[in-house]
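A.B. asks: Structure incoming, see below.
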Amino acid sequence: MKPQETSVRARLIIIKNNKLLTQFRQKDNYYHYIGGHLEYGETLLEACLREIKEECGGGVEFKFKKILYIRDFIWPQENEHSLELFILGDINKFEELEKLPDPQHSDGSVWLTWLDINNLPDNLYPNALSANLIKDFKNGFPNQGEYVGKM
């Protein structure tokens, strides 16, 4: 098997009214942070702006605040190795995003939803990040660029 190159993913942490914006995947019954792979030649900010528009629709404005966490995502059985950057940001929409279907899944099995930041479910992946996120949220996100390793 030919080794794959490592890719970079931008994962967006958007919190409004004590709610965290996530995507829910009905078929596999789990939540995950919105975002995706950086494309060749794309800056991190450009990737965040593109991913927000792809997942939240037109008219969404994104404000980049800071990189909170850096993690290694290594899944050998799928021959995948990514470096994930968890970016704290803000957007100008809230209620209208609830249950917004992901246009890349025409069967309606993936949609946006807001989760209570103080009561994150065990099926939010990576679930090991939830305790850090809650603690840092309560402290006003004092740090940036924390390397959390492989989770």
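A.B. asks: Run the dipole for the chain about the Cα centre, Lys and Arg Cβ at +1, Asp and Glu Cβ at -1, nothing else charged, and hand back the magnitude in debye, nearest 20.
C.D. replies: About 420 debye.
A.B. asks: Normalising by the residue count of segment 73-151, find the relative contact order in percent from Cα pairs under 8 Å and 6+ residues apart.
C.D. replies: 21 percent
A.B. asks: Suppose we keep just the DSSP beta bridges with both residues in the chain; what percent of those would be antiparallel, to 5? Intermediate results must be reported in sequence, preceding the final value.
C.D. replies: On the way: 30 of 44 bridges.
If we restrict to bridges inside the chain, about 70 percent are antiparallel.
A.B. asks: Given (i) 0.98; (ii) 1.40; (iii) 0.94 as candidate values of Rg/Rh (Cα atoms, Kirkwood Rh), which corresponds to the one derived from the coordinates?
C.D. replies: Recomputing Rg/Rh (Cα atoms, Kirkwood Rh) here gives the entry labelled (iii).
A.B. asks: Convert each backbone phi in segment 26-33 into a coupling constant with the Karplus relation 6.51 cos²θ - 1.76 cosθ + 1.60 (shift: θ = phi - 60°), then list the ³J(HN,Hα) values in order as whole Hz, x for Gly and Pro.
C.D. replies: Karplus values, whole Hz, x for Gly and Pro: 4, 4, 9, 6, 8, 9, 8, 5.
A.B. asks: Per residue of segment 108-125, what does 6.51 cos²θ - 1.76 cosθ + 1.60 with θ = phi - 60° give for ³J(HN,Hα)? Whole Hz please, x for Gly and Pro, Karplus curve as stated.
C.D. replies: Along segment 108-125, the couplings run x, 8, 10, 8, 7, 7, 9, 10, 5, 4, 8, 8, 6, x, 5, 9, 9, 9 Hz.
A.B. asks: Sort 27-35, 82-90, 70-78 for me by packing, meaning the mean count of neighbouring Cβ atoms within 10 Å per residue, highest on top. Mind dumping the intermediate values first?
C.D. replies: Working: 27-35: 16.4, 82-90: 19.8, 70-78: 12.0.
Answer by packing, highest mean first, reads 82-90, 27-35, 70-78.
A.B. asks: With a 10 Å radius around each residue's Cβ, average the other Cβ atoms per peptide and rank 45-51, 144-150, 112-118, highest first.
C.D. replies: Ranked from most to least packed, the peptides come out as 45-51, 112-118, 144-150.
A.B. asks: May I ask you to derive the relative contact order of segment 7-150, considering only C-alpha pairs under 8 Å and at least 6 residues apart, and to give it as an integer percent? Numbers along the way, then the final one.
C.D. replies: Values: 259 pairs, mean separation 45.4, N = 144.
For segment 7-150, the relative contact order is 32 percent.
Taken together, the values in this text are just the output of simple stated rules run on the coordinates, not laboratory data. Bear in mind that the values here come from a model prediction, so they are computed numbers and not experimental data. Neighbour counts run over all protein chains shown; Cβ positions are idealised from the backbone, glycine included.
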